[in-house]
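The values are calculated or read from the model by the stated rules, or taken from the named source; none is laboratory data. Keep in mind it's a predicted model, so treat the numbers as computed, not measured. With ideal geometry, Cβ positions are generated from the backbone for all residues, glycine too; neighbour counts draw on all protein chains shown.
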Amino acid sequence: MSVLDDIQKWYASNCNEDWEHSYGVVIETLDNPGWSVKIDLEETNLHGKVFEKLERKLSDEVWLHCHVEDNKFLGFGDENKLEEILKVFLDWAKSQNEDWLKPLSDREFQSLEDVAFINLLGEEVGPELCKTESCTHKRIKNSVLCRKHHFEGVKKRPFSERAS
């Protein structure tokens with residue numbers, strides 16, 4: 001398989017009639033000259049995975065930088081590094097999951113959404129307590145409920161301690 005074949009397979013494995021409308025792969029040229037690659041990791045099996053920053057600079061003309069920021073793989077390199085940037089991404093993707101083309105399960109996706117929602121709720125601020133009977137937690141900002149009870153009221157399902 002070629003690097004291009006593998007990138008296409010990774011992209012296709014994440015397309016689910018929703019993901020591709022908000023996320024994807026962007027390859028652009030730089031004016032120094034060089035390449036820029038941005039690959040969205042949101043809602044993929046690479047979401048939240050750690051990538052060790054890679055920096056190689058042999059000279060002003062021969063260089064490569066790759067890192068993950070804001071759940072995006074970002075790769076930059078000189079005009080001869082496009083394939084190498086894509087290979088760095090693929091090697092990392094393959095090292096993270098035995099089945100590196102497996103999309104997130106519904107349960108994994110829901111867990112990511114739950115964490116994002118809980119983070120949006122913020123910390124319990126009080127000093128008032130949650131209005132749920134016998135709850136001893138403080139309320140969150142802009143609510144009369146604590147995080148757990150606010151989550152359950154909005155999501156209509158139990159709060160998972162693993163998501164917090």
Worksheet item: Given the structure, is Phe159 crowded, with 16+ Cβ neighbours inside 10 Å, out of contact with any Gly (no Cβ under 9 Å at 6 or more places or on another chain), in a loop (DSSP other than H, G, I, E, B) and not assigned by TED's automatic domain parsing to the domain that holds Leu58?
Response: yes
Item to complete: Taking Asp114 as meeting all but one of (1) surrounded by 13 or more Cβ atoms within 10 Å (Cβ to Cβ); (2) modelled with pLDDT of 90 or more; (3) acidic (Asp, Glu), write down the number of the exception.
Response: (2)
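Condition check ((1) closer than 20 Å to Glu83 by Cα; (2) more than 16 Å from the chain's Cα centre (by Cα); (3) part of a helix (DSSP H, G or I); (4) modelled with pLDDT of 95 or more) across all residues:
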{"site": "Ala12", "(1), (2), (3), (4)": "yes, yes, yes, no"}
{"site": "Glu17", "(1), (2), (3), (4)": "no, yes, no, no"}
{"site": "Val26", "(1), (2), (3), (4)": "yes, no, no, yes"}
{"site": "Thr29", "(1), (2), (3), (4)": "yes, yes, no, yes"}
{"site": "Glu43", "(1), (2), (3), (4)": "no, no, no, no"}
Item to complete: Please identify the pairs in which a residue from the stretch 105-120 that is within 14 Å of Lys148 (Cβ to Cβ) has its Cβ atom under 7 Å from the Cβ atom of a residue that is in a helix (DSSP H, G or I) and of a type in the set (D, E, K, R), counting only partners at least 6 apart or on another chain.
Response: Ile118/Arg147
Worksheet item: List the pairs whose first member sits in the stretch 25-37 and is of a type in the set (A, V, I, L, M), whose second member is not in a strand (DSSP E or B), and whose Cβ atoms are under 8 Å apart, counting only residues at least 6 apart or on separate chains?
Response: Val25/Ile7; Val25/Tyr11; Ile27/Leu82; Val37/Leu82; Val37/Ile85; Val37/Leu86; Val37/Phe89
Worksheet item: Regarding Glu52, is this residue surrounded by fewer than 20 Cβ atoms within 10 Å (Cβ to Cβ), in the same structural domain as Trp10 (by TED's automatic domain parsing), over 21 Å from Leu4 (Cα atoms) and not β-branched (Val, Ile, Thr)?
Response: yes
Response to the item:
From the option list Leu120, Leu86, Leu145, single residue qualifying as at pLDDT below 95 and either surrounded by 12 or more Cβ atoms within 10 Å (Cβ to Cβ) or among the aromatic types (Phe, Trp, Tyr) (or both) is Leu145
Response to the item:
Contact list, first residue from the stretch 128-142 and in the same structural domain as Glu152 (by TED's automatic domain parsing) and closer than 14 Å to Gly153 by Cα, second anywhere and part of a loop (DSSP other than H, G, I, E, B) and of a type in the set (Val, Ile, Thr), beta-carbon distance below 7 Å, six or more apart or interchain, is Lys131/Val144
